[in-house]
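Data block below; observations after.
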Amino acid sequence: MISVKLPDGSAKQLSDGASAADLAKSISDGLARVAVAAKVDGKVVDLQLPLRDGANVQIITKKDKEALDVLRHSAAHLMADAILRIFPKAELTIGPVVDEGFYYDIYLPEGKISESDFPRIEAEMAKIAKEGHPFVRCVSDYDDANEFYARYKAIDGGQNKFKQELVQGIKDRGEELSFYKHGEFIDLCRGPHVPDTGWLKFVKLTKVSGSYWRADANREQLQRVYGIAFFTKQELEDHFKFLEEARKRDHRVLGEQLELFFMDEDAPGFPFFYPKGAMIWNQLVNFMRENLRRRGYVEVKTPIVLSEQMWHTSGHYANYMQNMFFTKMKLRDEKNPENIRDNVDEERPMAVKPMNCPGHLMLYRTRLHSYNEFPLRIAEMGLVHRRELSGVRHGLFRVQAFTQDDAHHFCTPDQIKGEISLLIGFFKEIYGAFGLDDVHIELSTRPAKSIGSEEMWEKAESALKTTLDEMGVVYKLNPGDGAFYGPKIDFHIRDSLKRSWQCGTIQLDFSMPARFGLQYVGPDGGRHTPVMIHRACYGSVERFMGILIEHFAGAFPLWLAPVQVQIIPVSEKFIDYAKQVNARLLEFGLRSEVNLKDDRVGYKIREASLQKIPYALVVGEKEVEAGSINVRSRDKGELGEMQLDKFLESLESWRK
C-alpha cells in the first residue's frame with residue numbers, strides 16, 4: 001500500500017502502482033469523470049502516471065488554470081494527426097502551447113496549407129476526437145528496433161531530418177526519450193495530455209503563417225498552423241466574440257479612422273502622428289510631467305547619439321548590440337564624385353541610444369554629490385531607438401523609435417525601501433487615472449546574459465524581495481527575466497477586455513554606477529557608490545497610447561480626447577454664431593472646433609459620433625435667438641438645449 005497527501009491535508013491509502021486516475025475514482029466517480037490531469041509534487045502529469053508513496057497530489061479538473069494548457073497540448077497532437085492524414089507528405093516539427101492557443105510547425109516539401117484547407121482539417125479532427133483514442137505515454141531507447149521509436153520515425157515518411165535533430169538533442173542532454181500516441185499517431189512529447197481524444201470536441205483552427213526552423217532565417221521555411229481549444233462550446237464561442245471585439249478595437253485601425261497616426265514603408269517602425277494623435281501624446285507626457293513634479297523629480301535632456309565606447313562601458317554593447325542603431329559615415333570620392341564610399345572608418349564611432357540610463361550616469365558624474373541630496377530623482381522624456389525585425393513590428397506596440405517616461409533614482413542603500421514604496425504607489429495611481437486598476441506585479445531575477453558579480457546580484461535581488469515582502473505586496477517570481485544589469489519589478493495591467501499588458505518597470509542596479517565611477521560623500525565623510533533605480537511607468541509613451549486606444553476603443557475620457565467638443569452649425573447662416581461659441585469654449589480651456597464642411601447636419605452629427613468626440617453642439621436659428629446650444633453627449637446621449645454657461649458649469653470639475 002502507498003499513502004498520498006491531498007490538498008486539504010488529508011491522506012489517502014492506495015494499492016501499490018495506483019495512478020492519479022485511481023486516486024480520483026477512489027474519491028468519487030464524479031471526480032474521476034471530470035479529471036483532466038494531476039499535479040504531483042508541484043508538477044502537472046498524466047492521470048495514468050503511477051504515484052509514489054508520500055506524494056502530494058492534486059486532481060486537476062477544467063476549473064484549474066493548468067487544465068487548459070493540457071487540453072491545448074493534446075489538441076496540437078490532434079491537429080498534427082489530421083494534417084498528416086490530409087497531407088501525407090508533410091513533416092512534423094514542434095507543436096507547443098502558446099498564449100493564443102497552440103500551433104504546429106509543418107514542413108511541406110511541395111504545396112502549402114491555407115485557410116481554405118481548415119474545414120477539411122477540422123472535419124478530420126472531429127472524426128478523430130469522436131473515436132475517443134486514449135493518449136498513451138511510451139518510453140523508448142535510441143534504437144530503431146524499438147517499436148515506438150521506429151513508429152515515430154515512420155509516421156511522416158521516415159526521412160524527417162527535423163525529428164532526427166530533436167532526438168539527437170535529447171540524447172546529447174542525456175534525457176529520457178518519451179512519446180505519446182493516440183490511435184495510429186505517435187509524436188515525441190514530454191506530456192501531459194488529457195485522458196483521450198474525446199475531450200477535444202471544441203477545437204478550431206485560427207490562422208496559418210510562415211516560420212523558420214529553430215527561428216533561424218537561414219534554415220528551412222516552415223508553415224505554422226495555429227488553433228484554439230476549450231472545454232465547452234460556450235467558451236469557444238465567447239472566445240471568438242472576444243476576438244471580434246478586439247478587432248474592432250485594433251489601435252492600428254482606429255489610429256487611421258480617428259486620424260491619430262500612420263506608418264509608412266519609408267519609415268518602418270517609426271510612427272507619424274497626426275495633430276489629434278500628437279495631442280493625445282502630449283497630454284500623456286504633460287500628465288506624467290505634472291506627477292513627476294509633485295514627487296520632486298528634476299527633468300533633464302540628454303543626447304540621442306553617444307560614442308560607441310560609452311556603450312562598451314555601460315555594458316550595452318556586449319549585451320544589447322544586436323538591438324542598436326549605429327551611425328556610419330558616407331563620403332564622395334574626391335576624384336570621382338559619382339562614387340560613394342560606404343562605412344568609412346571614423347576616429348570615434350557613434351551609436352544611437354537604445355536606453356537613457358548612460359546619459360543620466362554621465363550627467364550625475366559631472367560633479368560630486370552629497371548624501372544630503374539623496375534621493376536624487378532625475379527624469380527624462382527620452383527618445384530611444386531599438387532595432388526590431390519586420391516580423392515583430394506591430395503598430396505602436398512594437399516600434400523602432402519611442403519615448404520613454406524614464407527616470408533614475410540615485411540613493412543610499414537604506415533609502416531603497418522608501419523609493420520602491422513610493423514608486424509602487426505612484427505607478428498604481430497613474431494607471432488608476434485611466435481606469436486600469438487591475439494590476440499585478442512580477443519580480444524578475446538574473447538572466448543568463450548579465451553584468452556584475454554574483455554577490456552584487458544577490459544583494460540587489462534580496463533588496464527587492466525584502467521590500468516587496470515587508471510591504472505585503474503580492475507578486476509572482478519570474479526567474480531569469482531580469483535586465484542584464486539588475487533585477488526588476490514589472491507591472492502588468494489588465495485592460496477593459498481583460499488582456500494583460502506589461503508596462504511599468506522598476507530595476508535595481510548596483511553595477512552601472514560602479515562601472516561609471518559614480519560616487520557621493522556619505523555622512524562619514526567618505527566616498528561611496530550610490531544605488532541606482534531605473535524606472536518607467538508608461539514604459540513607452542507610444543505603446544501606452546496604443547494600449548489606451550484599445551482600452552477605450554477610441555472613446556477617450558474628456559480630459560484625454562484630442563477634440564473635446566465639435567460645434568455643428570445647421571447651415572452657413574449660423575457659422576458666425578458657431579465661431580462665437582467656439583471662442584468661449586477655447587477661452588474656457590476646451591479643445592473645440594467648428595465643423596465647416598458642406599455636408600448635411602445629420603451627416604455631421606454621425607461623423608462626430610464616429611470620431612468619438614465627447615460632445616457635439618448643434619446650433620441653428622432657435623439657438624441663435626436664445627443664445628443657447630443643443631448638446632449631444634457621446635456617453636449620455638441627447639442632453640437637449642441649454643445655455644452655454646450651464647454647459648460650461650457642468651464641466652468645471654473636469655477643468656479642476
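A few points about this structure:
- Sequence-distant aspartates and glutamates (8 or more away, or on other chains) whose Cα lies within less than 18 Å of residue 127: 81, 117, 184, 196
- Residue 300 sits with roughly 30 Å² accessible to a 1.4 Å probe, with DNA, RNA and ligands left out of the calculation.
- Computed with a 1.4 Å probe over protein heavy atoms only, the accessible surface of region 208-323 comes to 56 Å² per residue.
- Using Cβ point charges alone (K and R +1, D and E -1), the dipole size of the chain about the Cα centre works out to roughly 540 debye.
- Length-normalised contact order of the chain in % [C-alpha pairs under 8 Å, at least 6 apart]: 9 percent
- Length added when fully stretched, residue 26-residue 298, from 0.36 nm per residue minus Cα-Cα: 91.3 nm
- Cα→Cβ-extended label distance, 7 Å offset, between residue 142 and residue 256, nm: 5.2 nm
- Under 21 Å of direct C-alpha separation, and excluding same-chain neighbours fewer than eight residues apart, residue 161 reaches these lysines: 89, 112, 153, 171, 181.
- Cα Rg over Rh - region 281-331, Kirkwood: 1.16
- Measuring nothing but protein heavy atoms, the accessible surface of region 1-137 at 1.4 Å probe radius is 51 percent carbon and sulfur.
- Extension gain for residue 278 to residue 86 (0.36 nm times residue separation, less C-alpha to C-alpha distance): 64.0 nm.
- Counting every alpha-carbon pair across region 531-592, the share separated by more than 12 Å comes to 75%.
- Ordering 470, 235, 380 by accessible surface, largest first, gives 470, 235, 380; the 1.4 Å probe counts only protein heavy atoms, with every chain in place.
- Å² of accessible area per residue within region 513-574, as computed with a 1.4 Å probe and no ligands counted: 29 Å²
- Helix-only [θ]222 nm of the chain, DSSP H runs n ≥ 4, -39500 (n - 2.57) each, per residue, nearest 500: -10500 deg cm²/dmol
- Ranking 433, 502, 467 by Cα position along the charge dipole of region 430-524, where only Lys, Arg, Asp and Glu carry charges on their C-beta atoms, puts 502 farthest toward the positive end.
- Most to least accessible of 393, 72, 52 (protein chains only, probe 1.4 Å): 52, 393, 72
- Using C-alpha pairs below 8 Å separated by at least 6 residues, the relative contact order for region 88-145 is 22 percent.
- Measuring nothing but how far apart in sequence close Cα pairs (under 8 Å, 6+ apart) lie, relative to its length, region 418-526 scores a relative contact order of 31 percent.
- Here the Kirkwood formula, the inverse mean of 1/r across different C-alpha pairs, assigns region 204-277 a hydrodynamic radius of 15.8 Å.
- Label-point separation, residue 652 to residue 572 (7 Å along Cα→Cβ), nm: 4.1 nm
- The ellipsoid that matches the Cα gyration tensor of region 397-542 has semi-axes, each √(5λ) in whole angstrom, of 27, 16, 16, with the longest given first.
- Using a Förster distance of 25 Å, the FRET efficiency for residue 584-residue 433 (Cβ separation, nearest 0.05): 0.35
- Calculation over all alpha carbon pairs of region 66-197 in 10 angstrom steps from 0 returns a P(r) of 12, 44, 36, 8, 0 percent.
- Kyte-Doolittle mean at least 0.5, axial Cα span of 24 Å or more - DSSP H helices of the chain: 416-433
- Stretch gain in nm, segment residue 176-residue 609, where the contour uses 0.36 nm per residue and the Cα spacing is subtracted: 149.7 nm
- Region 220-370: radius of gyration over Cα atoms, expressed as a fraction of 2.2 N^0.38 Å: 1.61
- Area of residue 196 that stays accessible when all protein chains are in place (1.4 Å probe, Å², to 10): 40 Å²
- Rg over Rh [alpha-carbon atoms, Kirkwood Rh] for the chain: 1.03
- Share of carbon and sulfur in the accessible area of region 306-349 stands at 43%, probe radius 1.4 Å.
- Each semi-axis of the equivalent ellipsoid for region 283-422 is √(5λ) with λ an eigenvalue of the Cα gyration tensor; in descending order they amount to 35, 20, 14 Å.
- Three principal axis extents describe the C-alpha atoms of region 453-513; from largest down they are 42, 25, 19 Å.
The values are calculated or read from the model by the stated rules, or taken from the named source; none is laboratory data. Model, not experiment: these values are computed from the prediction. No Cβ is skipped: glycine too gets one built from the backbone with ideal geometry, and neighbour counts run over all protein chains shown. Ligands, DNA and RNA are stripped out before the accessible areas are found, and what is left, the full protein with its side chains, is counted by its heavy atoms. Shrake-Rupley method; radii C 1.70, N 1.55, O 1.52, S 1.80 Å.
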